Amino acid sequence: MRMLGLAWRFKAAAAKVLVLQLVLLAMALSGLGLLGLGIDVLKHAVQADSAEPSWPLGLAPPDAWSAMAKVGLVAGAIFLIAAMRFFLDRWSTIQLAMFVHMIVADLRMMVYDKLQQLSFQFFDANDSGSIINRVTGDVQAVRMFIELAMIQIVMIVVSIAFFLTYMGSIHMQLTLVCLATSPLLLIMTIWFGNVVKPAYRKNRELFDTTVRVLSENVRGHHVVKGFSLENSEIAKFHATNGEFRDQQQWIFWRVSIFVPAIQMIPQINLIVLLTYGGYLYMQGEILFGSGLVVFASLLQQFSNQISQVAQITNVVQRSIVSADRVFEVLDAPLAIDTSPDAKPMVQSRGEVRFEGVEFRYKPDSDPVLRDISFTAKPGQTVAILGATGAGKTSLLSLIPRFYDPSAGRVLIDGVDVRDLDVQDLRRHIGIVFQESFLFSTTVADNIAFGHPNASRDQIENAAKIAQAHEFIMELPDGYNTVLSESGANLSGGQRQRLAIARAVLLEPPILLLDDPTAAIDPETEGEILEAMDRAMQGRTTLVVAHRLSTLRRADQVLVLDRGTLAQTGTHTQLMSEQGHYQHAAKLQIADDESLRLLGIPEHTEDR
Ligand code: CTP
Ligand code: MG
């Protein structure tokens with residue numbers, strides 16, 4: 001149904017295709033009628049006592065014409081119609097192809113657009129294999145529906161109606177007898193649909209898994225090689241791929257039994273025609289050429305159409321499954337959306353406030369954050385400390401509304417973030433993720449990702465703040481160096497500095513830094529910390545940090561313990577309290593102490 005809705009947007013193109021098809025059908029039937037007429041003319045010439053041929057529309061030529069001249073006239077008309085049909089048929093094929101291309105491109109664009117708006121919840125719930133298959137394979141399968149099914153179904157219905165009317169006009173009773181097998185066709189088609197539809201759904205899901213295993217393997221190739229797990233990865237893929245193949249063969253067997261079975265049924269009609277139709281001719285109830293021959297030919301074409309129904313049922317079931325999967329994306333609710341009476345965000349002062357925030361990833365899962373309240377005043381730096389899995393990333397992700405809290409409120413400048421325009425809100429927030437993602441384009445474009453119109457000066461300035469300018473200048477093409485996929489040709493520290501530059505370029509009043517040094521060696525860490533320090537200047541910053549150097553400079557430290565705020569205060573305050581903070585700090589100091597004892601003065605000077 002939804003597919004029809006989509007096709008309706010191109011109704012002019014669809015109408016053109018349909019009209020062409022109808023004209024072609026009418027021409028085919030006229031050709032057939034003329035053939036019957038030709039035979040009757042010949043028969044009348046040989047047996048003068050046989051029935052008079054009936055000329056259509058009173059176009060009978062003068063009686064003076066010889067039989068051969070009359071047949072010549074009919075043959076000429078048949079040829080003319082055939083030639084016209086050929087050209088119209090080509091034109092109609094081109095029109096159909098253009099129509100299909102328009103719909104498919106449109107549909108793919110719609111899915112892609114929608115993916116940009118979908119929230120993190122959607123991406124948490126659907127793996128990338130499934131998403132990619134929906135945009136590529138499923139959209140393509142929907143194309144089959146339009147190309148092979150939609151137009152054809154209309155054409156089959158119309159042409160069967162034409163055939164039946166024509167056949168009925170020759171002899172009603174004969175037509176009805178020939179149709180006696182039709183209910184069987186209907187029952188079998190419905191049964192087949194019920195069997196294969198769930199199988200096609202399963203088939204697509206198995207293919208999603210196959211693609212996911214493949215893409216994980218490609219992305220995680222270093223882990224696989226590092227642990228020498230090639231063989232077990234091969235076995236894993238073999239199993240997934242094998243399951244997919246078995247399922248496909250299961251479907252194939254059903255299709256290869258069903259299709260010939262359906263095609264067999266109309267053959268019974270020919271037996272009926274030969275016996276009952278032959279009897280009628282001998283009784284003189286129907287003519288030979290425009291009666292029996294044309295009827296036989298019509299019946300044959302009718303059977304051809306019916307046998308297509310089998311193929312089409314197969315295509316339709318398959319493409320309906322794909323269409324459902326495409327529409328699941330298009331219809332997915334936007335968990336995070338700008339509310340209708342949202343306020344535009346003009347210039348933010350940068351005050352961030354949490355009020356009794358509770359958050360769970362799924363409505364039925366345990367909360368990962370509980371009763372979190374704090375305020376980051378404009379320009380302040382708030383550091384967040386906590387063990388892995390404590391909820392630091394989750395806390396940050398509530399500010400740009402990657403998720404909404406399950407209770408409590410997140411406010412910016414005193415306004416609930418849910419009352420702000422989402423895009424406006426996100427434009428005011430610079431984010432450096434725990435693991436940054438870069439795109440396979442130039443360094444400059446990567447930095448200017450959030451601000452594509454930035455000038456080269458602005459880009460370089462951001463890179464300088466992020467301590468990235470120097471290494472960029474050493475790249476083969478400087479700022480114009482094209483990065484490989486996900487920036488794989490840069491070191492971890494270089495990637496993080498580009499990510500910082502990307503966040504800084506926006507000059508956001510609020511900056512979120514999610515532990516950008518987590519995956520970095522201690523030497524590079526120093527450079528990143530310096531980059532972060534400069535980036536934080538003049539903005540409200542929430543930074544996930546473990547280094548004392550960052551923690552002690554923060555205006556406020558939040559200590560998260562399994563989703564709750566265990567402690568808050570400044571470094572000095574927290575150092576004088578017994579608790580997580582003091583414990584963590586002592587460990588670090590002790591560690592640096594041991595370094596000093598070994599004569600390695602690492603990171604000690606900025607304590
Ligand atoms: N979690 C989840 N679904 C996600 C992300 C996280 O259920 N999409 C859960 C994690 O399993 C974890 C909790 O949420 O138990 C907090 O995760 P997170 O905020 O990412 O923890 P961090 O404190 O950021 O941990 P780390 O230091 O390892 O980054
Ligand atoms: Mg984290």
Result of the Cβ filter at 6 Å on segment 559-578, keeping first residues that are in contact (Cβ under 8 Å) with a residue 12 or more places away in the chain and partners that are assigned to a loop (DSSP other than H, G, I, E, B) and acidic (D, E), at least 6 apart or interchain, is none
Scanning segment 429-457 for residues that are under 27 Å from V352 (Cα atoms), over 26 Å from the mean Cα position of the chain (by Cα) and either open to solvent by 50 Å² or more (accessible area, probe 1.4 Å) or not small (G, A, S) (or both) gives I429, I431, V432, Q434, I447, H451
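Just to check your reading of the model, which residue among V482, V504 is touching a residue at least 24 places away in the same chain (Cβ under 8 Å), among the β-branched types (V, I, T), surrounded by fewer than 19 Cβ atoms within 10 Å (Cβ to Cβ) and farther than 25 Å from G389 by Cβ?
Checking each option against the conditions leaves just V482.
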Considering segment 398-414, residues that are under 18 Å from P516 (Cβ atoms) and open to solvent by less than 10 Å² (accessible area, probe 1.4 Å), and then whichever is nearest to ligand 1 (Cβ to nearest atom), we arrive at I399
Considering only helices (runs of 4 or more DSSP H) wholly within segment 412-519, the ones with at least 2 residues that are under 25 Å from V382 (Cα atoms) and away from ligand 2 (no atom under 16 Å from the Cβ) are 422-427, 456-465, 492-505
Review point. Just to be sure, is L396 within 16 Å of ligand 2 (Cβ to nearest atom) and either assigned to a helix (DSSP H, G or I) or among the charged types (D, E, K, R) (or both)?
Key: yes
Is there a residue being within 16 Å of ligand 1 (Cβ to nearest atom) and closer than 29 Å to L558 by Cβ anywhere in segment 454-472?
no
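Yes or no, residue by residue, for (1) touching a Lys or Arg at 6+ places or on another chain (Cβ under 6 Å); (2) open to solvent by 30 Å² or more (accessible area, probe 1.4 Å); (3) closer than 19 Å to L32 by Cα; (4) at pLDDT 85 or above:
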| residue | (1), (2), (3), (4) |
| --- | --- |
| N241 | no, yes, no, yes |
| F252 | no, yes, no, yes |
| L270 | no, yes, yes, no |
| Q283 | no, yes, no, yes |
| F295 | no, no, yes, yes |
| N304 | no, yes, yes, no |
Out of (1) part of a helix (DSSP H, G or I); (2) open to solvent by 60 Å² or more (accessible area, probe 1.4 Å), the one P340 does not meet is (1)
Within segment 399-411, the residues that are out of contact with any helix residue (DSSP H, G or I) (no Cβ under 6 Å at 6 or more places or on another chain) and away from ligand 2 (no atom under 16 Å from the Cβ) are D404, P405, S406, A407, G408, R409, L411
Exactly one of G284, G277 is of a type in the set (G, A, S) and outside any helix (DSSP H, G or I), and that residue is G284
Taking segment 152-183 and keeping only residues that are farther than 16 Å from S307 by Cα and open to solvent by less than 40 Å² (accessible area, probe 1.4 Å), one is left with M167, G168, I170, H171, L174, T175
If we keep only residues of segment 535-551 that are polar (S, T, N, Q) and either open to solvent by 10 Å² or more (accessible area, probe 1.4 Å) or modelled with pLDDT under 85 (or both), then the residue nearest to ligand 1 (Cβ to nearest atom) is T550
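Pick from L511, L475, L438, L506: which is modelled with pLDDT of 90 or more, aliphatic (A, V, I, L, M) and either closer than 26 Å to S397 by Cα or within 16 Å of ligand 1 (Cβ to nearest atom) (or both)?
The match here is L511.
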Counted residues in segment 346-373 being part of a strand (DSSP E or B), more than 16 Å from ligand 1 (Cβ to nearest atom) and at negative phi come to 4
Selection from segment 380-393 of residues open to solvent by 10 Å² or more (accessible area, probe 1.4 Å), farther than 21 Å from L118 by Cβ, within 16 Å of ligand 2 (Cβ to nearest atom) and among the β-branched types (V, I, T) yields T388
Among the residues of segment 343-379, the number that are surrounded by 18 or more Cβ atoms within 10 Å (Cβ to Cβ) and away from ligand 2 (no atom under 16 Å from the Cβ) is 12
Considering residues that are in contact with a helix residue (DSSP H, G or I) (Cβ under 9 Å, 6 or more places away or on another chain), within 15 Å of ligand 1 (Cβ to nearest atom) and not in a loop (DSSP other than H, G, I, E, B), the number found within segment 374-393 is 4
*Quick one: is L96 of a type in the set (A, V, I, L, M), within 19 Å of G5 (Cα to Cα), open to solvent by less than 50 Å² (accessible area, probe 1.4 Å) and out of contact with any strand residue (DSSP E or B) (no Cβ under 8 Å at 6 or more places or on another chain)?*
yes
- Query: Going by the structure shown, is E525 modelled with pLDDT under 75 and open to solvent by less than 40 Å² (accessible area, probe 1.4 Å)?
  - Reply: yes
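The values are calculated or read from the model by the stated rules, or taken from the named source; none is laboratory data. These numbers come from a predicted model, not from an experiment. In this analysis, Cβ positions are derived from the backbone assuming ideal geometry, glycine residues included, and neighbour counts consider all displayed protein chains. Heavy atoms of the whole protein, side chains included, go into the accessibility calculation; ligands, DNA and RNA do not. Shrake-Rupley method; radii C 1.70, N 1.55, O 1.52, S 1.80 Å.
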